[in-house]
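Here's the structure we're looking at; comments come further down.
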Amino acid sequence: MAVVSDDHAHERFCAEGLSLPASASPRVITGDEVRQHNGRGGENFWAVVDGYVVDATDMVNSHPGGLKKLLTTDAAGVGASGKAFGFSFTRGRNAHFPQTGKSFHEGVQRFLSGRGEPFLPPVEVTFSSYGKVVILGRLQS
């Protein structure tokens with residue numbers, strides 16, 4: 001789905017298509033593991049954005065769309081693909097403002113350029129006044 005509004009992030013900032021360097025070894029996280037971190041009962045809240053698993057716990061109380069909106073991020077039909085874990089900051093009806101998409105894209109680039117054994121280290125992406133997410137790895141395909 002193309003973004004038609006100038007106030008939404010451009011699809012060129014979609015992080016899903018970024019190439020994985022040969023030296024990079026991101027942690028691969030299953031959908032079941034993401035679902036276990038559902039933000040309920042004081043648990044961490046993990047979400048998937050453009051195929052990357054993020055810890056979004058810091059945003060649970062500060063997301064401008066509210067807790068209910070944030071907790072539906074991983075649900076089928078919410079993201080750009082219409083499938084579970086299909087959310088994107090840059091595509092679909094939930095596309096965000098340009099700086100949000102750009103910040104996440106740059107964060108994924110930093111994540112992929114990291115060095116770590118056995119996996120790439122997590123990377124924080126801060127969104128002004130709304131908190132941060134921490135990129136943990138890639139969703140298992």
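For residue 72, the accessible surface of its heavy atoms amounts to roughly 50 Å² (probe 1.4 Å, protein chains only, rounded to the nearest 10).
Just subtract the alpha-carbon distance of residue 129 and residue 83 from 0.36 nm times their residue separation and send over the number in nm, one decimal. Present the calculation step by step, with values, prior to reporting the outcome.
Numbers: separation 46, 0.36 × 46 = 16.56 nm, distance 2.95 nm.
Taking 0.36 nm per residue and subtracting the Cα distance, the gain is 13.6 nm.
If you stretched the chain out fully between residue 43 and residue 140, how much longer would it get, using 0.36 nm times the residue separation minus the C-alpha to C-alpha distance?
My answer for the length gained is 32.8 nm.
Quick one: ranking 141, 128 by accessible area, 1.4 Å probe, largest first, what do you get?
Working: 141 150, 128 95 Å².
Ranked list, largest accessible area first: 141, 128.
Solvent exposure of residue 85, expressed as accessible area, is near 30 Å², computed with a probe of 1.4 Å over the protein chains only.
Projecting label points 7 angstrom from Cα along Cα→Cβ for residue 72 and residue 113 puts them 3.7 nm apart.
Figure note: 62, 113 ranked by solvent-accessible area, largest first, 1.4 Å probe, ligands and nucleic acids not counted: 113, 62.
The values are calculated or read from the model by the stated rules, or taken from the named source; none is laboratory data. This structure is a prediction, so every number in the text was calculated from the model and none was measured. Cβ sites come from the backbone with ideal geometry, for glycine too, and all protein chains shown count toward neighbours. SASA here: full protein model, heavy atoms, side chains in, ligands and nucleic acids out. Shrake-Rupley method; radii C 1.70, N 1.55, O 1.52, S 1.80 Å.
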